[in-house]
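One structure is given below, encoded as structure tokens.
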Amino acid sequence: DTEVTQTPKHLVMGMTNKKSLKCEQHMGHRAMYWYKQKAKKPPELMFVYSYEKLSINESVPSRFSPECPNSSLLNLHLHALQPEDSALYLCASSQRSGRANTGELFFGEGSRLTVL
Amino acid sequence: AQTVTQSQPEMSVQEAETVTLSCTYDTSESDYYLFWYKQPPSRQMILVIRQEAYKQQNATENRFSVNFQKAAKSFSLKISDSQLGDAAMYFCAYGVQGGSEKLVFGKGTKLTVNP
């Protein structure tokens, strides 16, 4: 199984709503990532979890709240978002260490978020 | 700080022809990885090819090959026998081996394949 699965694929929310994006991988990877991607732009790193602990927060506004319940799951909780937060949110995972570590990120298909 | 530069925002190629996408990077590290990722309109980022900096031999994956020039900090991607399915955004990326989990991405090159 070499997949990273993200749900939902599409999400429309108002600025006062609370919603969550979910990501799951079963490759035994120990690092998981959230990226934000605007149209025709490269992905921008938001958060990294390494061995289920938050290791990188790229100064993301607190209206985005990540959570890593276990080594296979990653959530992104959304609250009081702004229209400019509309984007594709990509989850990725990687093998953090050991012989299998190739540095490669495995990406999910993304969740397309629209904030009204 | 590490940076990755893709100087070609858009490229086009005729089907069955060869095209080369350029990428340069800046780093003071000696051990690192370089990647080319493909993102078709369906949006999932897929690894095309990777190169470890300590390896002198250029990586090859079927129709995809790289020209890795470590001293020049250049990492170009050559696509041979281009196919319609190769149309996508291509991102060059850099990562430090054994270091931070962060990948640094270039701004991307949009490749169009003409029939």
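Tabulated data for the structure shown
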{"item": "Hits in region B:59-114 - residues which are without any contact (Cβ under 8 Å) to a residue 40 or more places away in the chain and within 13 Å of chain A (Cβ to nearest Cβ)", "result": "B:Ala59, B:Glu61, B:Ser100, B:Glu101, B:Lys102"}
{"item": "Enumeration of residues in region B:78-113 that are hydrophobic (A, V, I, L, M, F, W, C), in a strand (DSSP E or B) and under 25 Å from A:Cys91 (Cα atoms)", "result": "B:Ala88, B:Met89, B:Phe91, B:Cys92, B:Ala93, B:Val96, B:Leu103, B:Val104, B:Phe105, B:Leu111"}
{"item": "Residue list for region A:22-43, restricted to those being in a strand (DSSP E or B) and charged (D, E, K, R)", "result": "A:Lys22, A:Glu24, A:Lys36"}
{"item": "Matching residues in region A:1-14 - criterion: being of a type in the set (Ser, Thr, Tyr) and at pLDDT below 90", "result": "A:Thr2"}
{"item": "Hey, A:Val115 surrounded by 18 or more Cβ atoms within 10 Å (Cβ to Cβ), at the interface with chain B (Cβ under 9 Å from one of its Cβ atoms) and of a type in the set (Val, Ile, Thr) or not", "result": "no"}
{"item": "Filtered residue count, region B:17-45, keeping only those that are over 16 Å from B:Leu77 (Cα atoms), open to solvent by 40 Å² or more (accessible area, probe 1.4 Å) and either in contact with a Pro (Cβ under 6 Å, 6 or more places away or on another chain) or touching a residue at least 60 places away in the same chain (Cβ under 8 Å) (or both)", "result": "2"}
{"item": "Residue in region B:53-76 that is open to solvent by 30 Å² or more (accessible area, probe 1.4 Å), more than 27 Å from A:Ser93 (Cα to Cα), hydroxyl-bearing (Ser, Thr, Tyr) and assigned to a strand (DSSP E or B) present", "result": "no"}
{"item": "Identity of the residue in region A:1-22, under 16 Å from A:Ser65 (Cβ atoms) and within 17 Å of the chain's Cα centre (by Cα), that ends up surrounded by the most Cβ atoms within 10 Å (Cβ to Cβ)", "result": "A:Leu21"}
{"item": "Residues located in region A:71-92, provided they are in a strand (DSSP E or B) and either under 14 Å from the mean Cα position of the chain (by Cα) or buried (at least 17 other Cβ atoms within 10 Å of the Cβ) (or both)", "result": "A:Leu73, A:Leu74, A:Asn75, A:Leu76, A:His77, A:Leu78, A:Ala87, A:Leu88, A:Tyr89, A:Leu90, A:Cys91, A:Ala92"}
{"item": "Any hit, region A:45-59, residues being open to solvent by 60 Å² or more (accessible area, probe 1.4 Å), within 13 Å of chain B (Cβ to nearest Cβ) and in contact (Cβ under 8 Å) with a residue 60 or more places away in the chain", "result": "no"}
{"item": "Close pairs from region A:1-15: first farther than 24 Å from A:His26 by Cβ, partner modelled with pLDDT of 90 or more and open to solvent by 90 Å² or more (accessible area, probe 1.4 Å), Cβ under 8 Å, at least 6 apart", "result": "A:Val12/A:Leu116; A:Met13/A:Leu116; A:Gly14/A:Leu116; A:Met15/A:Leu116"}
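Results for (1) closer than 18 Å to B:Asn62 by Cβ; (2) among the hydroxyl-bearing types (Ser, Thr, Tyr), shown as yes or no for each residue.
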site	(1), (2)
B:Val13	yes, no
B:Thr18	yes, yes
B:Thr24	no, yes
B:Ser30	no, yes
B:Lys38	yes, no
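Residues checked against (1) within 14 Å of chain B (Cβ to nearest Cβ); (2) more than 30 Å from B:Ser7 (Cα to Cα); (3) touching a Phe, Trp or Tyr at 6+ places or on another chain (Cβ under 8 Å); (4) modelled with pLDDT under 95:
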residue	(1), (2), (3), (4)
A:Thr16	no, yes, no, yes
A:Lys19	no, yes, no, no
A:Arg30	yes, yes, yes, yes
A:Pro61	no, yes, no, no
A:His77	no, yes, yes, no
A:Glu104	yes, no, yes, yes
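The values are calculated or read from the model by the stated rules, or taken from the named source; none is laboratory data. For clarity, every value in this text was computed on a predicted model and none was experimentally measured. In this analysis, Cβ positions are derived from the backbone assuming ideal geometry, glycine residues included, and neighbour counts consider all displayed protein chains. Side chains are part of the model used for accessible areas, which takes the heavy atoms of the whole protein and leaves out ligands, DNA and RNA. Shrake-Rupley method; radii C 1.70, N 1.55, O 1.52, S 1.80 Å.
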